[in-house]
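The values are calculated or read from the model by the stated rules, or taken from the named source; none is laboratory data. All of these numbers come straight from a predicted model, not from anything done at the bench. Counting neighbours? That spans all protein chains shown, and the Cβs are built from the backbone with ideal geometry, glycine included. Quick note on the areas: whole protein, heavy atoms, side chains included, nothing else; ligands and nucleic acids left out. Shrake-Rupley method; radii C 1.70, N 1.55, O 1.52, S 1.80 Å.
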Amino acid sequence: MSQTTSITNVIARIESMFTTYGHETYGEDCTQLQHAQQCGTLALERGLDEELALAAFLHDIGHFIARDKALDAVDAYGYSRHSDLGADFLEQHGFSARIVEVIREHVRAKRYLCAVSKGYAERLSHASRVTLAQQGGPMTAAESAAYRRRPNLADIIQLRQLDDAGKLPDMQCPPLTFWLRLAREQLEASAAADASTRSARPSARIE
Ligand SMILES: [Fe+2]
């Protein structure tokens with residue numbers, strides 16, 4: 001399968017999941033499509049780059065994958081381990097390491113902020129507080145001290161803050177097609193970066 005065909009297939013799969021499950025709310029005041037659009041739009045409004053904005057748009061896709069797989073543990077709040085499921089899917093399909101990491105970490109970032117940021121837990125939505133318990137609750141002091149040393153913590157926290165902010169009952173946002181185009185561009189950029197890394201690698205030929 002050519003690179004272009006495989007990118008087209010991934011975009012079609014993402015579009016299909018948003019079309020099929022995007023109306024679900026998982027206990028929030030907006031649908032999952034609105035939540036994704038709001039998180040991505042807030043990222044752009046805050047001056048963050050398109051890679052992080054796309055991560056914000058895609059960060060909860062693990063809920064849809066769990067629905068697609070008909071996993072038993074999906075409840076009214078979605079799938080509590082959706083961060084790993086979504087990150088694994090995006091990693092397998094060629095999204096950048098930065099997108100994969102911030103999505104994988106967005107639940108742990110909530111647990112971290114609950115431990116270190118005064119008042120953060122009280123500002124969470126009701127659904128986020130319910131799922132916090134399923135996800136292990138606030139980090140311990142030792143866990144948060146180790147987590148603070150993560151190299152990409154700033155990006156991880158940015159995504160978490162977008163996740164918490166993008167739950168408005170109404171907000172004007174670019175449509176699904178805008179985010180799918182961004183996803184295609186990011187996949188093409190990742191594929192091009194991989195190809196140039198491969199061609200720059202010295203050959204293993206023995207002289
Ligand atoms: Fe979210």
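Summed over the stretch 25-82, the residues that are among the acidic types (Asp, Glu) and either modelled with pLDDT of 95 or more or on the phi > 0 side of the Ramachandran plot (or both) give a count of 5.
This table checks each residue for (1) at pLDDT below 95; (2) small (Gly, Ala, Ser).
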position	(1), (2)
ASP155	no, no
ARG160	no, no
ASP164	no, no
PRO174	no, no
PHE178	no, no
LEU187	no, no
SER196	yes, yes
SER199	yes, yes
ARG205	yes, no
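When GLN172, GLN186, GLN161 are screened for being away from the ligand (no atom under 16 Å from the Cβ) and within 15 Å of the chain's Cα centre (by Cα), only GLN186 passes.
Could you count how many residues in the stretch 137-169 are in contact with a helix residue (DSSP H, G or I) (Cβ under 8 Å, 6 or more places away or on another chain), closer than 26 Å to GLY47 by Cβ and part of a loop (DSSP other than H, G, I, E, B)? So that I can check it myself, show each step before the final result.
We begin by selecting, within the stretch 137-169, every residue in contact with a helix residue (DSSP H, G or I) (Cβ under 8 Å, 6 or more places away or on another chain); these are 137-141, 143-144, 147-148, 150, 152-153, 155-160, 162-168.
Next cut, closer than 26 Å to GLY47 by Cβ only: 147-148, 150, 152-153, 155-160, 162-168.
Subset that is part of a loop (DSSP other than H, G, I, E, B): 148, 150, 152, 166-168.
Selection size over the stretch 137-169: 6.
The conditions of being surrounded by 21 or more Cβ atoms within 10 Å (Cβ to Cβ) and away from the ligand (no atom under 16 Å from the Cβ) are not met by PHE57.
Here ARG104 passes the criteria (1) within 14 Å of the ligand (Cβ to nearest atom); (2) within 18 Å of CYS30 (Cβ to Cβ); (3) without any contact (Cβ under 8 Å) to a residue 40 or more places away in the chain except the one numbered (2).
Annotation: of all residues in the stretch 8-24 being aliphatic (A, V, I, L, M), open to solvent by less than 30 Å² (accessible area, probe 1.4 Å) and out of contact with any His (no Cβ under 8 Å at 6 or more places or on another chain), the one that is farthest from LYS69 (Cα to Cα) is ILE11. Figure legend. Inter-residue proximity from the stretch 46-63: first residues in contact (Cβ under 8 Å) with a residue 24 or more places away in the chain, second residues outside any helix (DSSP H, G or I), beta-carbon distance below 6 Å, spacing 6+ or different chains. Indicated pairs: HIS63/GLY78; HIS63/TYR79. Only residues that are free of Cβ contacts under 8 Å to residues at least 24 places away in the same chain, within 16 Å of the ligand (Cβ to nearest atom) and of a type in the set (A, V, I, L, M) were counted in the stretch 122-152, giving 1. Which numbered condition trips up HIS82, out of (1) over 24 Å from LEU153 (Cβ atoms); (2) surrounded by 23 or more Cβ atoms within 10 Å (Cβ to Cβ)? Every listed condition holds for HIS82 apart from (1). Of the helices (runs of 4 or more DSSP H) contained entirely in the stretch 1-63, those carrying at least 3 residues that are more than 14 Å from the chain's Cα centre (by Cα) fall at 3-21, 32-45. Scanning the stretch 81-107 for residues that are assigned to a helix (DSSP H, G or I) and small (Gly, Ala, Ser), we see that the one that is farthest from ARG149 (Cα to Cα) is GLY86.
Listed conditions (1) open to solvent by less than 40 Å² (accessible area, probe 1.4 Å); (2) within 14 Å of the ligand (Cβ to nearest atom) are all met by TYR77, apart from (1).
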